[in-house]
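Structure first, then comments.
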Amino acid sequence: MRPSCRQFIGLSFLASMNLSTSYAAETVLKETIVKAEPLSSDTQEDRSPIMVKATNEAFREKQYTFAVEALQMSPSLSVVPSAFNRGLPRTEIRGSNTYNTIVLIDNVRENDPGVDGAFNITDLTPQDLQKMTVLPGPRALFYDHQAAGGIILFETRRGKDKPKLSYDLEGGQYRTQKAGLNIEGAQTSLDYYLGGSFLRTGTGVQKNRLHGNRVADHFQNGNGTLRTVFKPASHFETDVTVRAGESRVLLNRRAQPFYTVSDNFSETDRYFFKVENRFETNDKKSRHRLLLANNGTRRTTMFDASPYLTHGENQQIKYYFDWDISKFHTLTLGVEHLREIANLQNVGTKTDHLTTLVSQYNRHLSERLKLIIGSRFIKHREFATKMTPWIGLDYDLCDSTTIFTSYGLGYRFPLIMDLYQSHPNKIGNPTLRPENTRSFEFGARQSFLDETIIGSLTYFHLISTDLISTRQLPNQTFQKINKGRRRSQGLETSLTYKISLKWDLQVAYTFMDATESARDQRALYLPTHTVSGGLNFKPQENLKTFLSAYYKSSQGDLNFAVFPAQPVSLPPSLTIRAGANYIIDDSFEIYGRVENVLNDKSESFYGYGSRDIGAFAGMRITWQ
């Protein structure tokens, strides 16, 4: 047993500790900085570095409509929800450039090469997700060369226990209609999950005061997911996942006569297919994983009453070999090949090829000191070979206190559309150079009372050079350029406190100083202060209630209603949600919530305000 640290830690340290915000009571941060694994499986989840983790149970209890709502509770992750013609949701971890945040679902890259390399997290249905993990910092480079700021990981729901059929039905303000049906189960040689969902809700995602308050607009989304895990032997399994979906933004033409041809301002079709084989030797000292995947998005948007079509697709092959050399040494080697395809209207089909060699070595230098060192060698068809190294150290002062640090270098290559795009209001730039980001972090974690209280404090510093940004040309078109550099630094602090069997509390705070170019202009879309928190109360075994809040200070934006676009400052915002879940019996549950309790009128994008206060209620029926 290691000596106690409480004599020299002091309660003052706890006051500034960083919470790794936890949605599930069972979340444990003991292994937070130990080892990264590219495999989303039950056998590896305890080795993944975890900053924020949310499980399917937490999604249900918090009644999230979109997965992006759960992301807003993560320290250092800036999320700006989507808004009709202002594009897809922006997600930035620690102030990294807008599209530096890579999203992996079941270890498959989801960022769309046909639309700025972004991923519309709004399309994800929480009911189909097993787990969500937000991993900030250089160690995320293990998963992708672009993840110097961090990465977002999702895992598709996997069947467990005896067969179960569930049906969800929800309704509420803004003519919200939501339904979901799924069946899952686990047998000796097969785990299976099959789910389908439909959502229709008013005012799209946000209201638009610049072009009329289109309260009759609708956002519509449908998804179907199938995941099967075949287990012919105890040391071998084949994981197959198929997913398809469609989303639409439907406009009310009477309120917005500008769009006169079709009610569909945007329509997106999505498809996803993955096969992964996992093999473990009998002595359990080595593991092999082979993954093949194909996923893509077909998107139709309206521009000046004319449709514009894009099709982005990722074809991926990944192989990893893990070797537990000894109790204190672990080596991971891998090779990845990514083929990005973008079929752009007026341009045709363009492809990119990236081949990557991955290596990571974990070594316990002593009982308390751990070393993580790794690299990715990336061969790009259009650009020179790049190397993204990272290194990390963890030191356990005692059982309850750990300090850690890490450093890494990442790259973002220009996308196909950045180089060759020919959009009605966007043109490509074949002279773009890769963007590079240096990322550093230093922090500490502390737990008290047998992890009843967990806190941590992290300092981060990122510098991006040859920043890939957007400029507005005189003819009202846009083009990507290399624009100087961005520097972001700040502190993440958070706290989890399991007050009693009935009460638990989570609080997180992030201070961020992000500037761009040589004149140190304030970076757009990034608030200086963000605070999130949640209070859960369980007055009795079958009743659970929650109260959550999200605050962000003022942030910069651009007003595109004038030409050229002018910088503006958006005021602070405070959003509060409250709700309850009541389990009548093992087969029937009812729930309800109120969103935007204070009826906050703030805007995430200039001109696009939050939805008004709204009440929602639903029921869940389960047969097993």
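Hey, any hits in the range 384-405 for a residue that's in a strand (DSSP E or B), of a type in the set (D, E, K, R) and under 19 Å from R438 (Cβ atoms)?
yes
Could you look through the range 246-300, keep only residues that are among the hydroxyl-bearing types (S, T, Y) and farther than 28 Å from L344 by Cα, and pick out the one that is modelled with the lowest pLDDT?
Of everything passing the filter in the range 246-300, T281 is modelled with the lowest pLDDT.
Could you run through the range 571-624 and say how many residues are farther than 29 Å from N559 by Cα and not charged (D, E, K, R)?
Result for the range 571-624: 22.
How many residues are of a type in the set (F, W, Y) and in contact with a Lys or Arg (Cβ under 6 Å, 6 or more places away or on another chain) if we restrict to the range 166-182?
Number of matching residues: 0.
Taking only pairs six or more apart or across chains, which ones have beta-carbon atoms under 7 Å, a first residue in the range 492-513 that is within 17 Å of E541 (Cβ to Cβ), and a second residue that is among the aromatic types (F, W, Y) and assigned to a strand (DSSP E or B)?
Pairs that qualify, where the first residue is within 17 Å of E541 (Cβ to Cβ) and the partner is among the aromatic types (F, W, Y) and assigned to a strand (DSSP E or B), are K502/F537; W503/F537; D504/Y497.
Determine, yes or no, whether R433 is free of Cβ contacts under 8 Å to residues at least 60 places away in the same chain and touching a Pro at 6+ places or on another chain (Cβ under 8 Å).
yes
What is the number of the single condition among (1) buried (at least 18 other Cβ atoms within 10 Å of the Cβ); (2) modelled with pLDDT of 90 or more; (3) farther than 17 Å from F119 by Cβ; (4) of a type in the set (D, E, K, R) that K231 does not meet?
Failed condition: (1).
Return the total of residues in the range 165-202 being under 30 Å from H218 (Cβ atoms), part of a loop (DSSP other than H, G, I, E, B) and without any contact (Cβ under 8 Å) to a residue 24 or more places away in the chain.
0
How many residues, within the range 513-572, are among the charged types (D, E, K, R), under 30 Å from L501 (Cβ atoms) and under 22 Å from the mean Cα position of the chain (by Cα)?
The total comes to 0.
Just to check your reading of the model, which residue among E451, E435 is loosely packed, with under 15 Cβ neighbours inside 10 Å and either more than 30 Å from H380 (Cα to Cα) or modelled with pLDDT of 90 or more (or both)?
One residue alone meets the criteria, E451.
State which residue is farthest from the chain's Cα centre (by Cα) when the search covers only the range 142-164 and only residues that are closer than 23 Å to H380 by Cα and assigned to a loop (DSSP other than H, G, I, E, B).
Checking each candidate, the answer is H145.
So which strands (runs of 3 or more DSSP E) are wholly in the range 505-588 and hold at least 3 residues that are crowded, with 17+ Cβ neighbours inside 10 Å?
Of the strands (runs of 3 or more DSSP E) lying wholly inside the range 505-588, those with at least 3 residues that are crowded, with 17+ Cβ neighbours inside 10 Å span 529-540, 543-552, 555-559, 573-585.
The values are calculated or read from the model by the stated rules, or taken from the named source; none is laboratory data. Since we're looking at a predicted model, the values are computed, not measured. Cβ: placed from backbone, ideal geometry, glycine included. Neighbour counts: every protein chain shown.
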